[in-house]
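Q: Take a look at this one; I'll ask things after.
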Amino acid sequence: MKLPSKTKIFLTVSLTFGIVFFLYFLGYPKEKIPSFKAEEKTNSPLIPKPNGKSNLVFSILKTGEARTLEAFVVEGGSVFKTVIVAHSAFYIQHPKGNFLFDTGLGTKVKEQFQVFPLYLKLLMDYKPFQPANNQLESNGVELTSIQDVFFSHLHWDHASGLKDFPSAKIHSLPSELNNPKVELGYISSQFDGDSVNWNHIQFKNKPYASYANSLDWFGDGTAVFVPMKGHSEGSVGLFLHTKNGNVFFLTGDIVWRKEGFTEKKHKPRGARWIVDFDTVALGEEIARVYDLIQFNPELQIVPAHDHDVQSVLGFYPQVTGSH
């Protein structure tokens, strides 16, 4: 049976519109990322060396994962390639004290996740592993020994385990709490109430590489926090200088895969609509890290969800940076 000509035209237009919208959703045409322009307060794109020999090491605690198409996590990614998205916490160990950077998926993630509307549940579906607190305890770590938990930002998959460490001081930028709506990826039950011991990050007016402000946590240059723009109102990155002389940069969710920095690519446009706060500022941050990589070829970038990067370093109880 032949379709009427008007029906053919309608179907053709609808199909064309659907394909164009899908390509636009994935990031075509690509968002232009400008070249990085250093802030006036910064002196050099070179990453400073620590004061003396470092004794810092760290571990990656994989608390969950998701499988998706590469096209859904990096602009220009393949629709034929499946990648793993890691939900990780980072356990930093130093003679002056140990701390966590993000907590990944916590003990109550299943009930926390139920507050999301259906479209976010579908987009953010996950497979839970063992929460960070359980992993640490099962390997003989007393949770009370972790006095500080820092956050790259407070989106649900980073702050889910916040209350699993009740004795720790909780460090984030206060601007993370400006507008913590569910539709923006926040779950308020993860960090509300009087039981949370907030100790908000206060950056010092001290340049670090191309960042105008920084916080040298131990005072020896081995663990340095910096503010990062664009993904959320108060995103934070962490430079680590390990015992074996390597340099790492934990970058949270500025990009989801390392190619975002090495090839100057955003997340797909549809993902940016949902999870990113300021696309222009985010492009500037991507350009900054791209610039850092060019001037510091030894720098190892570790995005919070890049399973390919993290699996090479190894997951807890394996230690990174000791030899």
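Q: Semi-axes of the equivalent ellipsoid of region 118-255: what are they in whole Å, largest first, if each equals the square root of 5 times a C-alpha gyration tensor eigenvalue?
A: Working: eigenvalues 120, 82, 50 Å².
So the equivalent ellipsoid measures 24, 20, 16 Å along its semi-axes.
Q: Next question, about the same structure. Could you derive backbone 3J(HN,Hα) for region 113-119 from the dihedral phi with the Karplus parameters 6.51, -1.76 and 1.60 (θ = phi - 60°), listing whole Hz in sequence and x where the residue is Gly or Pro?
A: 5, 5, 6, 6, x, 4, 5
Q: Oh, and also: Would you work out the relative contact order for the chain, in percent, from Cα pairs under 8 angstrom that are 6 or more residues apart? The partial results should precede the final answer.
A: Working: 708 pairs, mean separation 75.8, N = 323.
Reported as a whole number, the value is 23 percent.
Q: Under a point-charge model restricted to the Cβ atoms of Lys and Arg (+1) and Asp and Glu (-1), what is the dipole moment magnitude of region 31-313 relative to its Cα centre, in debye to the nearest 20? Working shown, then result.
A: Values: 28 positive and 32 negative charges, 72 e Å.
That gives region 31-313 a dipole magnitude of about 340 debye.
Q: Two decimals, Cα atoms only, Kirkwood Rh: what is Rg/Rh over region 238-305? Please report the intermediate quantities before stating the final value.
A: Working: Rg = 12.4 Å, Rh = 12.5 Å.
Result for region 238-305 is an Rg/Rh of 1.00.
Q: Would you mind giving the three semi-axes, in whole Å and largest first, of the ellipsoid equivalent to the chain according to its Cα gyration tensor?
A: 35, 24, 18
Q: Quick check: pseudo-label points 7 Å beyond the Cα along Cα→Cβ at S188 and D308, how many nm apart are they?
A: 3.9
Q: Now a separate question. Using label points projected 7 Å from each Cα along Cα→Cβ, tell me how many nm separate K181 and L120, to one decimal.
A: Rounded to a tenth, the inter-label distance reads 1.0 nm.
Q: I'm a student and want to see the number: the projected area of the Cα convex hull of region 194-280, averaged over all directions, in nm². If you can, show how the numbers build up before the last one.
A: Details: hull surface 31.6 nm².
Directional mean of the projected Cα hull area for region 194-280 stands at 7.9 nm².
Q: With each run of n ≥ 4 DSSP H residues scored as -39500 (n - 2.57), what mean residue ellipticity at 222 nm is computed for the chain after dividing by its residue count and rounding to the nearest 500 deg cm²/dmol?
A: On the way: 9 runs with 79 residues, N = 323.
Value at 222 nm, helices only, nearest 500: -7000 deg cm²/dmol.
Q: So, in nm, how far is label E142 from label K49 when the simple model puts each one 7 Å beyond its Cα toward the Cβ?
A: Distance between label points: 3.7 nm.
Q: What are the GluC sites (Glu not before Pro) within region 141-225 that DSSP puts in a loop, where the Cβ has at most 14 other Cβ atoms within 10 Å? Don't skip to the answer; put the middle values down first.
A: Values: sites: E142, E176, E183; in loops: E142.
Qualifying residues, ordered by number: E142.
Q: Amide H neighbours of Q147 under 5 Å, at least 5 residues apart or on other chains, H built in the peptide plane: list them.
A: N98
Q: Let me ask something else. List the residues whose amide H sits under 5 Å from the amide H of N246, counting only those 5 or more places along or on another chain, with H placed 1.01 Å from N in the peptide plane.
A: Here the answer is none, since no amide H 5 or more places off falls under 5 Å of that of N246.
Q: Within region 26-127, report the chymotrypsin sites (Phe, Trp or Tyr not before Pro) that DSSP leaves as loop and that have at most 14 other Cβ atoms within 10 Å.
A: Filter output for region 26-127: F80.
Q: With a sphere of radius 13 Å drawn around the Cβ of D220, what net charge do the other residues whose Cβ falls strictly inside it have (Lys, Arg +1; Asp, Glu -1)?
A: Values: positive: K49, K53, K96, K243; negative: D216.
Net of charged neighbours comes to +3.
Q: Give me the percent of DSSP beta bridges within region 31-313 that run antiparallel, rounded to the nearest 5.
A: Details: 32 of 44 bridges.
Around 75 percent of the beta bridges assigned by DSSP in region 31-313 are antiparallel ones.
Q: Expressed in whole Å with the largest first, what are the equivalent ellipsoid semi-axes of region 38-194 derived from the C-alpha gyration tensor as the square root of 5 times each eigenvalue?
A: Numbers: eigenvalues 145, 101, 65 Å².
In descending order the semi-axes read 27, 22, 18 Å.
Q: Pick out, in residue order, every one of the trypsin sites (Lys or Arg not before Pro) in region 172-254 that is DSSP loop and has at most 15 other C-beta atoms within 10 Å; say none if there are none.
A: Working: sites: K181, K204, K229, K243; in loops: K181, K229, K243.
Qualifying residues, ordered by number: K181.
Q: May I pose another question? T68 to N244: extension gain in nm, 0.36 nm per residue of separation minus the Cα-Cα distance? Don't jump to the answer; show the numbers that get you there.
A: Working: separation 176, 0.36 × 176 = 63.36 nm, distance 3.44 nm.
Separation in residues times 0.36 nm, less the Cα-Cα distance, equals 59.9 nm.
Quick note: the coordinates plus some simple rules give every number you see, no bench work behind them. What you see is a predicted model, and the numbers here were worked out from it, not measured in a lab. Counting neighbours? That spans all protein chains shown, and the Cβs are built from the backbone with ideal geometry, glycine included.
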